[in-house]
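Report on one structure; see the data block that follows.
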Amino acid sequence: MAMLSMSPKFSVIIATYNSAHTLSKAIDSVLSQTYRAYEIVIIDDGSTDDTSLVVSNYGDKVRYCLQSNSGVSVARNKGAEMAKGDWLTFLDADDWYYPQRLYWHAALLDRNVKLDFLIGDYCYGREDGGIFRRAIESNSYGQKILAIADGYSSVILDAVDLGELMPSYFGHTSTLSLPRDKFLALGGFPLEFSIAEDIHLFVRLCANSHKVGVICIPMAIYYVHDTGLIRSDVINAQFRTVQTLCSLKKELRLANFSIRNGFLALLLGARFDLAVALIRQGQHLKAIRFILPIVIESFSWKSLMIVLSIVKG
């Protein structure tokens, strides 16, 4: 591992709720980093299981805060307020980092000091521990990024690139690193939304950034649970995603052309996913009602064709 001239202090924030059975693996993945975390801040969102007992086994290797059950955004924001490092990273209690996750971002910052934030690839995992795909390979933009990566498996994106990245985002909260000051200035994660709150933050980050670093190799594993809120109630999750994104329309009205178009493409995709989910449930008229606003939001031949495809079912 190469020596770095720059030494960012990463505060790793782990929000947990009744995750005693997976929390140790998450914490251990941070403690096993080849580039040492400045601190691990664990926010317990009112757990009723053995979470506090699990944390107590780590002693002063972690900082622990118990709060009343208020949701993951409140927990993450609380962790950011408590953090003493100059950079923030996040990890859910049922996911884990690859050993060089922090080093790859520290090294990228060492090569490019003026980065507004950093993201990276990750793997989707099953509950049985199996890995079934990489996020960056899941869409055409991610494949484009892979094709231009440098010898360090990294890419630097500018403001124009961020507009293209937004609707094809292949990162995850666990692979996001950003300055604590920037996070606090943006207001952190939105408290009024519990679905797509991470995308809400990501959109605002893109709208307020000029240069972003990307690591094009997996940095973390995200475990997909069939009992999760999104997979167990697809229509509700898609509806709430659209609702979360719509809350940003006024804020992004004056954003630059690339960011605004990228956001509208993201919103269009969310509306389309909702409409398709409704059609699959036999709710054709509702699907039409939810897709029609795209004609006003992002009028183009593409949006008209999408509306017609939903009308035809």
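General remarks:
- Here the condition is being in a helix (DSSP H, G or I), modelled with pLDDT of 95 or more, crowded, with 22+ Cβ neighbours inside 10 Å and out of contact with any Lys or Arg (no Cβ under 9 Å at 6 or more places or on another chain); of 102, 53, 109, 23, it holds for 23 alone.
- Among (1) surrounded by fewer than 18 Cβ atoms within 10 Å (Cβ to Cβ); (2) of a type in the set (Gly, Ala, Ser); (3) in a strand (DSSP E or B), the one test that residue 11 misses: (1)
- Condition check for residue 60: assigned by TED's automatic domain parsing to the domain that holds residue 194, within 23 Å of the chain's Cα centre (by Cα) and acidic (Asp, Glu): no
- Spans of helices (runs of 4 or more DSSP H) in region 126-189 with at least 3 residues touching a Ser or Thr at 6+ places or on another chain (Cβ under 9 Å): 140-148, 159-165
- Some residue of region 167-176 being farther than 16 Å from residue 40 by Cβ, over 17 Å from the mean Cα position of the chain (by Cα) and aromatic (Phe, Trp, Tyr): no
- Scanning region 197-237 for residues that are small (Gly, Ala, Ser), within 29 Å of residue 161 (Cα to Cα) and at pLDDT below 95 yields a total of 1.
- Just one of the numbered conditions (1) surrounded by fewer than 21 Cβ atoms within 10 Å (Cβ to Cβ); (2) over 18 Å from the mean Cα position of the chain (by Cα) is not true of residue 193: (2).
- Test: residue in region 20-38 that is assigned by TED's automatic domain parsing to the domain that holds residue 109, among the polar types (S, T, N, Q) and farther than 29 Å from residue 104 by Cα: no
The values are calculated or read from the model by the stated rules, or taken from the named source; none is laboratory data. Bear in mind that the values here come from a model prediction, so they are computed numbers and not experimental data. Methodologically, a virtual Cβ is constructed for each residue, glycine included, from the backbone with ideal geometry; neighbour enumeration extends over all protein chains shown.
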